[in-house]
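Contents: one structure, followed by commentary.
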Amino acid sequence: MRDNSWMTRKAVVRTMLSMFLFLPLPTFSQSQGAVVDQGDALANALVHWKVDCYPKGCLMQTDVLRGESGDPPDPKDFREYVGVDVALYRKSQKPGYFAFLVDPRTQQDQGIFIAFTKTTKDGDSWKINLDADGATRLAITNCNDKACTARVPLGLVEEGKDSHKMDLLEKFLNSDHLLVLYMKGGKAYRTMVLLSSFKKEYQRAMTSELAASSGDKQ
């Protein structure tokens, strides 16, 4: 009997892409504009980045409760959080890797999809627009009882069937939001992560913690 599992996986990939490309993104009223304004302190408080530095570089980490996605998350369950790790080398001042951590019950063969958005003023509202590159699928590189992880060495995504060539650091610094989507139990879960606090902590790390000494070379 012919194995049609590849057809099922392909259909799921198309479904996940449509979650990014065709589902409506939120629009915020003027009174809510501070939340999506990338310089606002409230946005920084919503997504807190922990920065730990060592002789070889710094590790930036954040954990955000997953999106509602028609199934409210349990804030007391650590598996319901989406994590992002960014490792930065001290000498080169470049990323060592980006890592995206999701629920350990995630369907591993579907991978993790990411996309980026920007916020624009639309009259008295703020409108969120999906990046022209659309969604990119990242392969899950490891799963344990804590999380499933997609790790991107150097933060550089290669061109592929379901992925676009991109520099993740450039995207993080020039976008307003990161969207993360994964599959669990046949259902897609989408989470939005504000990037304003990342930009602030990254600049702080680069100018203080990671400032190369006069003798450092690549």
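I'd like to check something: does region 195-218 contain any residue that is assigned to a strand (DSSP E or B) and either within 13 Å of the chain's Cα centre (by Cα) or under 20 Å from Gly83 (Cβ atoms) (or both)?
no
Out of the residues in region 117-132 meeting the condition of being without any contact (Cβ under 8 Å) to a residue 60 or more places away in the chain and surrounded by 13 or more Cβ atoms within 10 Å (Cβ to Cβ), tell me which one is farthest from Ser196 (Cα to Cα).
Only one residue tops the list, namely Asp131.
Filter region 165-183 down to the residues that are closer than 16 Å to Arg151 by Cα and surrounded by fewer than 16 Cβ atoms within 10 Å (Cβ to Cβ) and list them by number.
Listed by number, the residues that qualify are Lys165, Asp167.
From the residues in region 60-78 that are buried (at least 18 other Cβ atoms within 10 Å of the Cβ) and more than 11 Å from the chain's Cα centre (by Cα), which one is modelled with the highest pLDDT?
Met60
Could you check region 79-153 for strands (runs of 3 or more DSSP E) lying wholly inside it with 2 or more residues that are charged (D, E, K, R), modelled with pLDDT under 95 and farther than 20 Å from Asp63 by Cα? Lay out the reasoning, then the answer.
Numbers: elements: 81-89, 95-102, 112-122, 125-130, 136-138, 148-153.
Fully inside region 79-153 and qualifying: 112-122.
Pairs needed: first member in region 62-87, over 17 Å from Gly186 (Cβ atoms) and in contact (Cβ under 8 Å) with a residue 12 or more places away in the chain; second member anywhere, assigned to a loop (DSSP other than H, G, I, E, B) and aromatic (Phe, Trp, Tyr); C-beta distance under 8 Å; at least 6 residues apart or different chains.
What qualifies is Thr62/Trp49.
List the pairs whose first member sits in region 150-162 and is under 15 Å from Gly111 (Cα atoms), whose second member is part of a loop (DSSP other than H, G, I, E, B) and of a type in the set (Val, Ile, Thr), and whose Cβ atoms are under 7 Å apart, counting only residues at least 6 apart or on separate chains?
Close Cβ pairs satisfying both conditions: Ala150/Ile140; Ala150/Thr141; Arg151/Thr141.
The values are calculated or read from the model by the stated rules, or taken from the named source; none is laboratory data. Computed from a predicted model, the values in this text were never measured in an experiment. All Cβ positions, even for glycine, are placed from backbone atoms using ideal geometry, and neighbour counts span all protein chains on display.
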